[in-house]
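In what follows, a structure is listed as C-alpha cells, so that the remarks can point back to it.
Throughout, read-outs are computed from the coordinates displayed, never taken from laboratory work. Just so you know, these numbers come straight off a predicted model, no measurement behind them. Cβ sites come from the backbone with ideal geometry, for glycine too, and all protein chains shown count toward neighbours.
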Amino acid sequence: MMPTVEEISVKNVVSISIQSTLNEAINKMAKANIINLVVIDDTEEKLIYYMLTIDHLIDFKLESIDGSLCLKDLKLHKAKVIQKDLNILNVLNEVEETDRYMIIVEKDNIIGILSYSDIINNIDPKILMKKQTIGKLILQYKATTTYKNTTALNVIYLMKETNNDSVIMIDNDQKPIGIFTTRDFIKLVHLNSNLNEPIKKYMTTPVSTLNENSTISEAMDFIRDKHFKRIVVTDNENNLVGILTQKELLRVVYNKWIDLIKEQGNKISKINEELLSKASKLEEKASIDFLTKLYNREKFDSFLEYEISKDNRYENQYLSILLLDIDHFKKVNDTFGHLVGDTILKEIAKILTVCSRDSDIVARWGGEEFILLLPQTDIEQATIVAEKLRVTIENHKFETVPRITCSIGVSQFHKKETKKSLFKRADEALYKAKENGRNQVQIEHIENLFEQ
C-alpha cells in the first residue's frame with residue numbers, strides 16, 4: 001500500500017507573513033533551528049504559500065540583499081498545495097523535480113511540508129526509473145567530437161587517445177551530424193579504404209539522438225528497439241550534450257536500484273542517511289560553480305595537486321593547463337546586460353565540456369576566465385587543443401551577441417616545479433595573447449623556470 005503524503009510529511013511547520021522582513025524571517029528560522037520557512041501571503045482572497053529556504057539565504061547573502069527588505073519584494077518560490085489524503089504515486093504524477101517543496105493544507109491550516117526527495121525516497125524503484133531523466137546522468141559522460149572534414153586517420157588516432165569506441169561529428173553550432181564507431185572502423189579496414197579521406201565519407205549519418213529530458217526507462221527502450229550500444233544525447237535545441245553507452249546506462253540503473261533498496265531496507269538509520277545525503281550535497285555545492293555547473297577554482301586545485309603528484313612519481317608523464325579568457329567580456333555586459341553575459345558564460349562552459357576529453361578537467365577560474373587541466377598532454381598537443389577551442393568559440397553562433405572570441409595561455413608542467421610557477425606561465429602567456437590583439441593562443445616562456 002502506497003503511503004499518503006500526510007504520513008511521510010514533516011509536521012513541525014513554522015510560518016511567517018509575507019509582510020515580514022527578511023531579518024525577521026532569518027531570526028525565526030534561527031530560533032526554531034530550521035532551514036525552511038513557509039511564507040504566507042494573506043493579502044489576497046485566497047491564501048498563497050511560498051517557501052524561504054536555506055538556498056535563498058545563501059544567495060541573498062552573496063548578493064548582499066538588505067535584511068530590512070520585505071519578503072513580498074523578494075523572488076520566492078511559490079509552493080504547490082496538495083491534499084493530505086493523496087498517495088505519493090498520485091503526487092509524483094502531478095509534480096516535477098522543480099516542485100522542491102509541497103505544502104499540505106486542510107481548511108487553510110498547514111498540517112505538513114513535503115519535499116520532492118521525500119517522495120522519491122518512498123517510491124517504488126521501477127516507478128522512479130520512469131521519472132528520472134538521463135539529463136541528470138549525462139554530465140559524467142562526455143562525447144569525443146570532431147568535424148566532418150577531419151581525416152579518417154586522425155579520427156582513429158582520436159579514438160585511441162581518448163580510449164573511446166565512438167567519435168561524434170559536429171557542425172559549427174555543436175550539433176551532431178554523424179557518428180563513427182568501432183564497427184565502422186572494422187568496415188573501413190576490411191575494405192582497405194583510404195584513411196586520408198575526410199571522415200564524412202565513412203561516418204553514419206544522420207545521427208539518431210535522444211533528448212536529455214528522456215527518462216532512464218525511455219533510454220533503455222531506445223537502446224533495445226534501435227539495437228544500439230550507445231545513446232547520443234542532445235538538448236532541446238539539438239545541441240550535443242554527451243553520450244551514454246549501454247554498459248554505462250545499465251550500471252547507473254543497477255546502482256540506483258541498490259541505493260534505493262538500501263534506503264528502503266534501513267529505515268532505522270534514516271536520520272543518518274539524511275545527514276549523509278545533506279553532507280554530500282553540501283560537498284558537491286562547494287565544488288561546483290553555481291552558474292556554469294563546472295568545477296570551481298578550489299576543486300580544480302585539488303585535481304591539479306593530484307596530477308602533479310602523479311607526474312612527479314612516474315616517468316613519461318605529461319601535464320598541461322589552458323587558461324582561457326573571454327575577450328572584451330565587460331563590453332558584452334555593458335552593452336547587452338549581465339543576464340546575457342551569464343548566458344554567454346554558460347554556453348562557453350558547455351562548449352569547453354563537449355570539446356574536452358573524459359580525462360580532462362574543465363573549471364571556471366573566476367569571472368570570465370576558465371581553466372582546463374589536460375593530463376598526459378604535452379605543450380604541442382595542448383596548443384592544438386587550445387586552437388581547436390578558440391576556433392570553435394569564434395565560430396559559435398550565440399543568440400544575442402554577434403561574435404565572441406577568446407584568448408588562451410598554455411603551459412606545461414615540468415617535474416619538481418611548483419604549482420604557482422605553472423600558473424604564472426599560463427597567466428603570462430594569456431596576457432601576451434591579449435596584448436598581441438586577442439583571439440589567439442600563446443604558449444609559455446620557460447626561461448629561468450625554477451627561479452619563479
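One table, with the values for the structure above:
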{"read-out": "Tensor-based shape of the stretch 138-252 (alpha-carbon gyration tensor, a/c under 1.5 rounded, otherwise prolate or oblate)", "value": "prolate"}
{"read-out": "The stretch 297-451 - share of DSSP beta bridges that are antiparallel (%, nearest 5)", "value": "85 percent"}
{"read-out": "Stretchable slack from residue 309 to residue 187, in nm (0.36 nm times residue separation minus alpha-carbon distance)", "value": "39.7 nm"}
{"read-out": "Too-long pairs where the Cα-Cα distance tops 31 Å, listed order kept, from 61/415; 72/331; 75/388; 160/350; 200/350; 175/226", "value": "61/415; 72/331; 75/388"}
{"read-out": "The stretch 344-452: GluC sites (Glu not before Pro) falling in loop per DSSP and having at most 15 other Cβ within 10 Å", "value": "399, 447"}
{"read-out": "Using a Förster distance of 45 Å, the FRET efficiency for residue 111-residue 398 (Cβ separation, nearest 0.05)", "value": "0.40"}
{"read-out": "FRET efficiency estimate (nearest 0.05) - Cβ-Cβ, residue 358 to residue 149, R0 30 angstrom", "value": "0.80"}
{"read-out": "DSSP bridge orientation in the stretch 138-252 - percent antiparallel, rounded to nearest 5", "value": "70 percent"}
{"read-out": "Antiparallel DSSP beta bridges within the stretch 1-56, as percent of all bridges there, nearest 5", "value": "65 percent"}
{"read-out": "Trypsin sites (Lys or Arg not before Pro) within the stretch 4-40: DSSP coil, no more than 15 neighbouring Cβ in 10 Å", "value": "11"}
{"read-out": "Neighbourhood charge, 12 Å Cβ-Cβ cut-off, centred on residue 42 and excluding it, Lys, Arg +1 and Asp, Glu -1", "value": "-2"}
{"read-out": "In sequence order, calculated HN-Hα J values of the stretch 417-430 (Karplus, 6.51, -1.76, 1.60; Hz; x Gly/Pro)", "value": "7, 8, 4, 4, 5, 4, 5, 4, 5, 5, 5, 5, 5, 5"}
{"read-out": "Nearest-0.05 FRET efficiency for residue 381 and residue 415, computed from C-beta distance (R0 22 Å)", "value": "0.80"}
{"read-out": "Calculated from backbone phi, Karplus (6.51, -1.76, 1.60) coupling profile of the stretch 301-317 in Hz, x at Gly/Pro", "value": "4, 5, 4, 5, 4, 5, 5, 5, 4, 5, 4, 6, 7, 10, 7, 6, 10"}
{"read-out": "Residue 12 paired with residue 334, simple spin-label distance in nm, labels 7 Å along Cα-to-beta-carbon", "value": "5.3 nm"}
{"read-out": "Mean-position separation - Cα centroids, the stretch 353-395 and the stretch 149-191, in angstrom", "value": "20 Å"}
{"read-out": "The stretch 300-398: chymotrypsin sites (Phe, Trp or Tyr not before Pro) in DSSP coil with no more than 11 other Cβ atoms inside 10 Å", "value": "314"}
{"read-out": "Added length on full extension, which subtracts the Cα-Cα distance from 0.36 nm per residue, residue 66 to residue 227", "value": "52.2 nm"}
{"read-out": "Extension reserve of the residue 53-residue 213 stretch, reckoned as 0.36 nm per residue once the Cα distance is removed", "value": "55.0 nm"}
